[in-house]
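Please treat every number below as a calculation from the coordinates, not as lab data. Computed from a predicted structure; not experimentally measured. Here the Cβ positions follow ideal geometry from the backbone for every residue, glycine too, while neighbour counts run over all protein chains shown.
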Amino acid sequence: MNADEHELLLKNEVYAIVGAAMEVSNELGSGFLEAVYQEALELELDARGIPFAAQVPIHIAYKGTRLAREYIPDLICFDQVIVEIKALKRLTTVEEAQLLNYLKATGMPVGLLLNFGPPRLEWKRMVRTRPAIGGREQGIRE
C-alpha cells in the first residue's frame, strides 16, 4: 500500500473549511442560532477565498423519478463538500445519518457537520463510500 492510499479525500479543502469555522466559533462563541453562524461563516469563507454556494436547492430522485421536494444544504464548498451547520448541545447519530443521506442523494463525496452549539466547535467529516456488491451504500466518519 502506498502513501496515496492513506490520503484523506479532499483533505486540504476540508481543513480550509474547518479553519474558517474555527475562526467563526472563536469570534462568536456559542449561543446563537444556526442562521447567525451561517452568515458569519459565509463571510469568513469569502474572506479566505474559499468557493461556496449557499442554500442551493438540490433535486432528489426516487427510483428514477424526480421528487417535488428538494434538499437545500446550508453550504456546498469547492463544488464537492456539503456543509451542514448546527447549533446543538452535541451532535448525535441523527445528524450523522442526515448528512450520509444527503451525500448519497447528491453523489457528493464528502460532508461536514459543523456544530457551533458547544463552547468549542464540534465537527465531523463524513465520506460517501461505494456499496459492496449486492450491498447498500454506506458512509464513514473520519
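Provide Met22, Met126, Met108 in ascending order of the number of other Cβ atoms located within 10 Å of each residue's Cβ, fewest first.
Ordered by Cβ neighbours within 10 Å, fewest first: Met22, Met108, Met126.
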* Asked: Which order do Val14, Val83 fall in if you start with the one that has the fewest other Cβ atoms within 10 Å?
  -> Val14, Val83
* Structure fact -> Computed for the chain: size of charge dipole around the Cα centre, +1 on C-beta of each Lys and Arg, -1 on C-beta of each Asp and Glu, debye to nearest 20, value 720 debye
* Asked: Which percent, to the nearest 5, of DSSP beta bridges fully inside the range 8-129 are antiparallel?
  -> 75 percent
* Asked: What ranking of Asp79, Asp74 emerges when the number of other C-beta atoms within 10 Å of each C-beta is taken as an exposure proxy, fewest first?
  -> Asp79, Asp74
* Structure fact -> With the 8 Å Cα cutoff and a minimum separation of six or more residues, the chain has a relative contact order in percent of 21 percent
* **Extension gain from Leu9 to Phe32, taking 0.36 nm per residue of separation minus the Cα-Cα distance** => 5.2 nm
* **Total lysine pairs under 16 Å (Cα atoms) in the chain, excluding pairs fewer than 8 apart on one chain** => 4
* Give the label of the value calculated from the structure for semi-axes √(5λ) of the Cα gyration tensor in Å, choosing from (1) 40, 15, 11; (2) 25, 19, 15; (3) 23, 19, 13. => (2)
* Asked: GNM on the chain, C-alpha springs below 10 Å: top fluctuator among Lys89, Lys63, Lys104?
  -> Lys63
